[in-house]
Amino acid sequence: MKRQTRNALAFALLTLLLLTLGVLSLAVGSVTLRGGEDYAARIVDLRLRRMLSAALLGGALAVSGFLLQTFFANPIAGPFVLGVSSGAKLTVALTMVLLLSRGVTVGSAGLYSAAFAGSLLVMGVILLISGSVKQMSLLVVCGVMVGYLCSAVTDLVVTFADDSNIVNLRAWSLGSFSGISWGNLRLIAPIVGVGLVWSFLLTKPMSAYQLGESYARNMGVSLPSFRWQLILLSSVLSACVTAFAGPVSFVGVAVPHLMRRLLGTAKPIVMVPSCFLGGAVFCLGCDLVARTVFAPTELAIGSVTAIFGAPVVVWMLLKHRMEARQ
């Protein structure tokens, strides 16, 4: 009963924070809303799209991070840390440069397909490395290096992209929820919804997998199929974020860790929905900071999430090290 009460209170707190930040996202901005003015409805429309985008994509990124942490049995694994987001960023940038420079319009489905391909490509590289690397810490370092390599190539692409049709490429590469349209949301919502439901359906085999591969196999889990589902799901969710909002860092690592501390458990049946709510809250809060603190100048969302997420990751690493010494 004590555990159930703690979980109920945690979900109630997350829901309250989500609703509060949602209302603030609609009410607060660089433009003051005044009743009776025509532009008020347009401003609310823009803020509503941005609020829904931050909530959906933030939740998706946190769940993707939890899936990767489960797969690699490593608390600092995540789409950004392992370079998965950077791979998606690279393929989206290349797609935009190659197609838009030739006058070919890139739709939402095209951007998402490119991001998904990049995510899978980097995930494949990480899996190949994991076959010869036994230490998880070394695997994470390799993932970080792959991510830096992809980011460096992306920066070169952005630097030499001089076509007038890709002026917004540099802004996209910094990360923002501002440019997401209702058409984008109509693609984002079903992808994130299906990914979340699919992740929730995998919570039972995930619980068995957390206790070891032998235990999971004895419980009837088909490990090859299960692993591929985790890879596909994490790639689908992280690619959705990168394709439409650009690179958003540290959410996939910091939020699952915060949810474990809040709930006092790592059970997937509790962690999947809590990570989604926590990711939505985290990104809504960071987006509110990004567009209001230095208004009318807007900060890159990736910079704000790094400011709040990186200290969580550092604290987590130090805590694990101190616990290992005891």
Label-point separation in nm, Thr265 to Ala310, each point 7 Å along Cα→Cβ: 3.5
Can you give the longest stretch of the chain with no exposed loop site, where a site means trypsin sites (Lys or Arg not before Pro) in a DSSP loop (not H, G, I, E or B) with at most 14 other C-beta atoms within 10 Å? 135-326
Most mobile listed residue (Val281, Val253, Val289) in the chain, GNM with C-alpha springs under 10 Å: Val289
Hey, how many Å between the Cα centroid of region 260-299 and the Cα centroid of region 212-245? 22
Enumerate the calculated ³J(HN,Hα) couplings along region 177-192 in order (Karplus 6.51 cos²θ - 1.76 cosθ + 1.60, θ = phi - 60°), each rounded to whole Hz, writing x wherever the residue is Gly or Pro. 9, 6, x, 7, 8, 5, x, 4, 5, 5, 8, 5, 4, x, 5, 5
Difference of contour (0.36 nm per residue) and Cα-Cα distance, Gln4 to Leu24: 4.2 nm
Pairs of lysines 8 or more apart, or on different chains, with alpha carbons under 29 Å: count those in the chain, would you? 10
Of every Cα-Cα pair in the chain, the percentage lying beyond 34 Å is 22
Scoring the chain by relative contact order with C-alpha pairs under 8 Å, at least six apart, yields a percentage of 32
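Computed from the coordinates by the stated procedures, all read-outs in this text should not be read as laboratory data. Keep in mind it's a predicted model, so treat the numbers as computed, not measured. With ideal geometry, Cβ positions are generated from the backbone for all residues, glycine too; neighbour counts draw on all protein chains shown.
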